[in-house]
Amino acid sequence: MKCLTSYSRFLTSRFGHVISPRVLSSSPTWWIQRQTSDVYVKAAAAQNYRSRAAFKLIELDDKYKLLHPKVKRVVDLGAAPGAWSQVVTRRLGIRTGNPNVVDDNLEQASHTAVSSEQIKLISVDVLDFPPVPGAYNLPKTNANDFAAIRSVMDKIWGEGFLAQLVLSDMLHSVSGNKDYDHEQSIRLCATTLKFCFENLGQGGKVVMKVYWGSESENFILLLRKYFRNVTVFKAQASRKRSREIYIVGLGYTPKMKTFKKCEPDNFID
């Protein structure tokens with residue numbers, strides 16, 4: 001029970017509402033044992049990250065140098081609970097204590113005009129989530145609502161300014177059916193690519209998560225039409241039995257070739 005109490009305090013501090021040990025005790029025993037013994041879960045608690053997923057982006061950034069000092073405009077799709085956004089704000093040196101930076105006040109974040117020099121990250125998720133200090137938070141916003149996201153980009157970065165980096169750790173509700181889960185994962189990747197078509201600038205980068213399966217190679221071939229370098233990456237922080245893989249696209253070149261922008265729809269319909 002002591003482990004559950006400690007873990008419930010950790011979850012409560014991350015998500016802003018009380019998650020009692022009694023609630024955790026109703027979870028499957030294997031899940032509780034895995035969570036309380038997981039080295040990345042413990043590290044997340046020690047370093048004040050909202051989830052162990054933070055270490056996946058840290059690995060990606062260490063390898064691909066995604067968050068270098070010249071990066072000023074980042075969109076995090078599927079941001080909840082906010083661990084990736086935390087990594088972005090920390091690695092880009094966003095001072096969340098600066099009064100000119102939108103912080104924990106979600107209402108302020110939604111209505112205060114800020115400049116491109118003041119805020120570098122837009123955090124988007126269809127779920128509600130506690131605001132990430134230093135980010136412009138867009139909870140309850142679908143990743144395919146491009147107009148809503150773009151309006152915020154125009155507001156805080158200025159009209160015509162596109163993202164330099166698009167991150168997507170989006171995940172559907174896993175069913176346990178490998179084929180179905182892979183199909184839904186590819187759909188989210190296709191949505192991310194379509195977002196890039198409209199909102200990623202020349203030379204930009206994208207990272208997206210996929211559950212590996214039959215269509216993964218075909219989707220990578222599509223990405224290679226628009227990115228100069230496309231690679232796959234298995235993070236050490238990913239669970240060993242997980243099929244999750246990260247696809248990294250570097251050097252976005254929308255005019256490299258004249259391909260139809262409707263091609264991602266082949267993975268959605």
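Numbers below:
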{"read-out": "Matching entry among Val126, Val152 (being more than 22 Å from Ser238 (Cβ to Cβ), part of a loop (DSSP other than H, G, I, E, B), modelled with pLDDT of 95 or more and out of contact with any helix residue (DSSP H, G or I) (no Cβ under 6 Å at 6 or more places or on another chain))", "value": "Val126"}
{"read-out": "The lone exception for Lys70 - which of (1) in a loop (DSSP other than H, G, I, E, B); (2) open to solvent by 60 Å² or more (accessible area, probe 1.4 Å); (3) at pLDDT below 90 it fails", "value": "(3)"}
{"read-out": "Conditions (1) open to solvent by 10 Å² or more (accessible area, probe 1.4 Å); (2) in a helix (DSSP H, G or I): number failed by Ala44", "value": "(1)"}
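The values are calculated or read from the model by the stated rules, or taken from the named source; none is laboratory data. Note that the coordinates shown come from a computational prediction; the quantities given were computed from them, not determined experimentally. Backbone-built Cβ (ideal geometry, glycine too); neighbour counts: all protein chains shown. Calculation scope for accessible area: heavy atoms of the full protein, side chains included, ligands and nucleic acids excluded. Shrake-Rupley method; radii C 1.70, N 1.55, O 1.52, S 1.80 Å.
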